[in-house]
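Shown next, in structure tokens, is the structure this report addresses.
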Amino acid sequence: MDDAKRAYRESEEKTKEAWRKRDGEDLADKVGNAGDDIRKHLGNAGDDLRGAEDRQREGRPIDDPDTVPADRPY
């Protein structure tokens with residue numbers, strides 16, 4: 001699910017950036033693009049933190065997202 005969210009955030013940011021560039025680029029466009037970029041990175045960081053917390057709760061190593069417990073083959 002986190003990968004889908006990342007892809008959505010990336011495409012949303014690119015779409016907004018392209019829309020802002022349609023009539024040239026000014027300072028307001030650059031500020032808007034920077035804000036979108038910051039929001040995207042904060043959202044991805046939040047997903048990473050929640051994922052690490054979930055892995056810790058399940059007894060999996062925090063730094064190994066591919067480790068799946070034997071009793072949960074998903």
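The distance between label points at ASN33 and GLU17 comes to 0.7 nm (points 7 Å beyond Cα on the Cα→Cβ vector). Other residues with beta-carbon under 14 Å from the beta-carbon of ARG9 carry, at +1 per Lys or Arg and -1 per Asp or Glu, a net charge of -4. Annotation: the residues ASP3, ASP29, ASP37, sorted from fewest to most other C-beta atoms within 10 Å of their own C-beta, follow the order ASP3, ASP37, ASP29.
With 0.36 nm allotted per residue and the present C-alpha distance subtracted, the ARG6-LYS40 stretch has 11.4 nm of extension available. Globularity index of the range 2-57 is 1.40 (Cα radius of gyration / 2.2 N^0.38 Å, N = number of residues).
Rule-based calculations on the coordinates, nothing more; no lab input. Being a predicted model, the structure only gives us computed values, none of them experimental. Note that we place each Cβ from the backbone using ideal geometry, even for glycine, and neighbour counts take in every protein chain shown.
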